[in-house]
Amino acid sequence: MLKPLQEWICDTCGKTIHSAEDGYVIWRHDIDQRDFDFKIIHKFVCEPPSFPSSVPLTEFLGSKGSTYLLSFISLGKIKARGRYRNYCHVLDFDEYVDLYRRVQIPYYEEARTKFNKPALLAELEDASELHPYQEEVLKQIIEKY
């Protein structure tokens, strides 16, 4: 089992990133500068050349990381004025929320590798929007599947 919020699975090589200090978050931009294709990778070792943005994984963790992640989708009341009123740099919200959960919710990183299991999908078919992503449910998913 991965250590929650301490180990991740590299989106390039598929191997474990054993500490946040060994990881980077990378992403690309479309022509309108909207961000997409977010990945967590081993820094320096697994960086593909077509990703212009990279930030140390440590910057996405804890409350500081949550604040940073939210800045992609809103500048908030202090900065969101005038031309920045409807500021949002995220192209694909589902993809972005996946990144958010990977770095903020314990057990999500490992549980997400099981999300394509037909038995799990059937079990959670009638679940609320919140239920599958609760820490205790994610831990059960890892243990059961």
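Pairs to check: K43/K117; K77/K114; K79/K139; K15/K117; K64/K144; K64/K139. Give those whose C-alpha atoms are more than 28 Å from each other in this structure. Intermediate results must be reported in sequence, preceding the final value.
Numbers: K43/K117 30 Å; K77/K114 38 Å; K79/K139 38 Å; K15/K117 21 Å; K64/K144 33 Å; K64/K139 25 Å.
Going by Cα-Cα distance, K43/K117; K77/K114; K79/K139; K64/K144 fall outside the 28 Å limit.
Relative contact order of the chain, please, whole-number percent, based on alpha carbon pairs below 8 angstrom and at least 6 residues apart.
On the way: 203 pairs, mean separation 32.1, N = 145.
22 percent.
Roughly to the nearest percent, how much of the accessible area of the stretch 61-141 is carbon and sulfur, given a 1.4 Å probe? Don't jump to the answer; show the numbers that get you there.
On the way: 2780 of 5380 Å².
Ligands and nucleic acids excluded, carbon and sulfur reach 52 percent.
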In square angstrom, what is the accessible area per residue of the chain with a 1.4 angstrom probe?
62
Of the candidate values [x] 12, 35, 29, 18, 6, 0; [y] 11, 37, 34, 17, 2, 0; [z] 9, 29, 34, 20, 7, 1, the one computed for P(r) over Cα pairs in 10 Å bins from 0, in percent from this structure is [y]
Nearest 10 degrees, 0 to 90: helix 93-104 Cα axis against the chain principal axis:
70
Peptide ranges 115-128, 4-17, 45-58 listed from the most packed, as the mean C-beta count within 10 angstrom indicates:
4-17, 45-58, 115-128
Using only Cα atoms, tell me the angle between helix 135-144 and the longest principal axis of the chain; keep it within 0 to 90° and round to the nearest 10.
50
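Which trypsin sites (Lys or Arg not before Pro) from the stretch 28-117 combine a DSSP loop assignment with at most 13 other Cβ atoms within 10 Å?
On the way: sites: R28, R34, K39, K43, K64, K77, K79, R81, R83, R85, R101, R102, R112, K114; in loops: R34, K43, R81, R85.
Filter output for the stretch 28-117: R81, R85.
The values are calculated or read from the model by the stated rules, or taken from the named source; none is laboratory data. Since the structure is predicted, the reported quantities are computational estimates derived from the model, not experimental observations. Please note: Cβ atoms are built from the backbone with ideal geometry, for glycine as well, and neighbour counts cover all protein chains shown. We work out accessible area using only protein heavy atoms, side chains counted, and drop any ligands, DNA or RNA first. Shrake-Rupley method; radii C 1.70, N 1.55, O 1.52, S 1.80 Å.
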